[in-house]
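The structure appears below as structure tokens.
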Amino acid sequence: MGGCRLTYDAFITELNRAGLTVRRFATLMCMQPNSISNNKKKGEVPAHLAVIASLLSEMALNDLDFHPVFARLGPNPKKARGASKTGKFARERQGVLELGK
């Protein structure tokens, strides 16, 4: 059994076989498209994305519709990094700055 390494170009090939674009794959994975396309610079994709893309490709090649699986899971978008409630910084309450005194 081989490893879970996949070049970015091979990853794109797997997505194409599954009938997916990077943008659509990112949406299914509740990720930002840039988070996936940034892997092009590295030349490889993380193992979990490689496995998922390969499985989706194999399902599509065998006429198995993977869309009901994602529909059943439902969307679970991630909160953008650095996003916080107003008046808070890194979960800590921000103090009031007194300027001009």
For the stretch 58-73, in residue order, the Karplus 3J(HN,Hα) values (coefficients 6.51, -1.76, 1.60; θ = phi - 60°; whole Hz; Gly and Pro = x) are 5, 4, 5, 5, 9, 6, 9, 7, 8, 4, x, 5, 5, 5, 5, 5
Residue-ordered couplings for the stretch 33-50, obtained by feeding phi - 60° into the Karplus form 6.51 cos²θ - 1.76 cosθ + 1.60 and rounding to whole Hz (Gly and Pro as x), are x, 4, 4, 8, 5, 4, 5, 4, 4, 6, x, 9, 10, x, 4, 5, 6, 4
Residues meeting the amide H criterion for Glu44 (H placed from the backbone, H to H distance under 5 Å, 5 or more places apart or on another chain) are Tyr8
A student applying the Cα gyration tensor rule (rounded when a/c is under 1.5; otherwise prolate if a/b is larger than b/c, oblate if not) would label the stretch 1-64 oblate
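Highest mean first, how do 63-71, 39-47 rank when packing is the count of other Cβ atoms within 10 Å averaged over residues?
Top of the packing list down: 39-47, 63-71.
A short reminder: the numbers here are calculations on the coordinates, not readings from a lab. Nothing here was measured: the structure is a model prediction, and the numbers come from that model. Every residue, glycine among them, receives a Cβ derived from its backbone with ideal geometry; neighbour counts consider all protein chains shown.
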